[in-house]
Amino acid sequence: MVDSVAIVKCEGHPEAALREAIALIGGFKFSKSQLTIKPNICAGVDETGVANTKVDMIESLITLILEENEHLSIRIVEADSMSKFADEAFAEFDYRDLADRLREKGFDVSLVNLSHSTLRQARLEGLYFQDPQLPIELTEPGSFVSVAVPKTHDLTLITGVLKNFFGLLPRKDKIHYHSHINEVIVDINRLVKSDLCLVDARVGLEGVIKGRPRAVNALILGRRPVSVDATMARVMGFQPERIWHLVEAEKHGLGSLHPEVLGERVESIKVKFKSPSDLKPAALIN
């Protein structure tokens, strides 16, 4: 079966566009009672206003999910990193307010800082990890959603739904992994397989936390992370066939570098992002 990715134009509030994108790929199809959503909250201080996944996107996503199954247990997860403490970021960027409002309505929605979680050994002979210790929430049965923002990165060229799961790792000093970041990204996505992948491309960023915002005015949605990130890379003007972690992740069955695109054409929304001036050679395949 051909892997499909939907592209829908979106400039303002995302709920209607997200509903359209979900319909294009055939609905949510979550089969488990536990759902874990990983937004990209990478900065405790977001000077550009676009470095983090905006809470209106997560609220719209949860609203549509609960329309289909109001009994789901939903966790919004993040971990501490060099640039933020997750609990403080949840409060600063209105995720705590969102969770409180949804619980007041009777829904089972919680926030989890994975840096405070109990660890459990997972099984993987990976490119970097060998049977690593992971937060217990990532080892339990359930469905997983990655919600990213299109950005550039000096170690990986792009940061999308695959790189977003790098943030699931519980240690704060994630710089520890930077010398092998591409291998780590592939491994964590093999350990925690996403069931839905969403790029909020209303506005992206040339940079990770600081940089130049780039308006794309679109949502990119699919079920497989390589497929979604490959489409995102093309929208940003890059060649996914040259991006190391995408090529390697495709080898491990995490999607296709050449998915079917539904909705808008890539060319109709393409916005050329500038490659990082200090891009590391390991990010690319020559």
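Can you pull out the residues in the range 241-256 that are free of Cβ contacts under 8 Å to residues at least 40 places away in the same chain and touching a Ser or Thr at 6+ places or on another chain (Cβ under 8 Å)?
250
Yes or no: residue 200 of a type in the set (Asp, Glu), in contact (Cβ under 8 Å) with a residue 60 or more places away in the chain and outside any helix (DSSP H, G or I)?
yes
Which one is nearest to the chain's Cα centre (by Cα) among residues in the range 120-139 that are hydrophobic (A, V, I, L, M, F, W, C) and not in a loop (DSSP other than H, G, I, E, B)?
So the residue we want is 138.
Just the residues that are at pLDDT 95 or above, assigned to a loop (DSSP other than H, G, I, E, B) and surrounded by fewer than 13 Cβ atoms within 10 Å (Cβ to Cβ), please, taken from the range 12-27.
26, 27
Could you check the range 239-269 and list, in sequence order, the residues that are under 20 Å from the mean Cα position of the chain (by Cα) and assigned to a loop (DSSP other than H, G, I, E, B)?
Matches in the range 239-269: 239, 252, 253, 254, 255, 256, 257, 258, 259.
Pairs, please: C-beta under 7 Å, at least 6 apart or cross-chain, first residue more than 10 Å from residue 259 (Cα to Cα) and in contact (Cβ under 8 Å) with a residue 24 or more places away in the chain and in the range 1-22, second hydroxyl-bearing (Ser, Thr, Tyr) and surrounded by fewer than 19 Cβ atoms within 10 Å (Cβ to Cβ)?
Qualifying pairs under 7 Å: 15/63.
Can you run down the residue pairs with Cβ atoms below 7 Å, 6 or more apart or on separate chains, where the first is in the range 80-98 and closer than 14 Å to residue 116 by Cβ and the partner is among the basic types (Lys, Arg) and crowded, with 17+ Cβ neighbours inside 10 Å?
81/174; 90/96
Within the range 82-106, track down each residue that is surrounded by fewer than 17 Cβ atoms within 10 Å (Cβ to Cβ) and in contact with a helix residue (DSSP H, G or I) (Cβ under 7 Å, 6 or more places away or on another chain).
Scanning the range 82-106 gives 82, 94.
Mind checking which pairs have a first residue in the range 63-79 that is in contact (Cβ under 8 Å) with a residue 12 or more places away in the chain and assigned to a loop (DSSP other than H, G, I, E, B) and a second that is polar (S, T, N, Q) and surrounded by 14 or more Cβ atoms within 10 Å (Cβ to Cβ), Cβ under 7 Å, 6 or more apart or different chains?
Once the first residue is in contact (Cβ under 8 Å) with a residue 12 or more places away in the chain and assigned to a loop (DSSP other than H, G, I, E, B) and sits in the range 63-79, its partners that are polar (S, T, N, Q) and surrounded by 14 or more Cβ atoms within 10 Å (Cβ to Cβ) give 79/113; 79/115.
The values are calculated or read from the model by the stated rules, or taken from the named source; none is laboratory data. From a predicted model like this one, the values you see are computed outputs, not experimental measurements. Because the Cβ atoms are built from the backbone with ideal geometry, glycine has one as well, and the counts that use them run over all protein chains shown.
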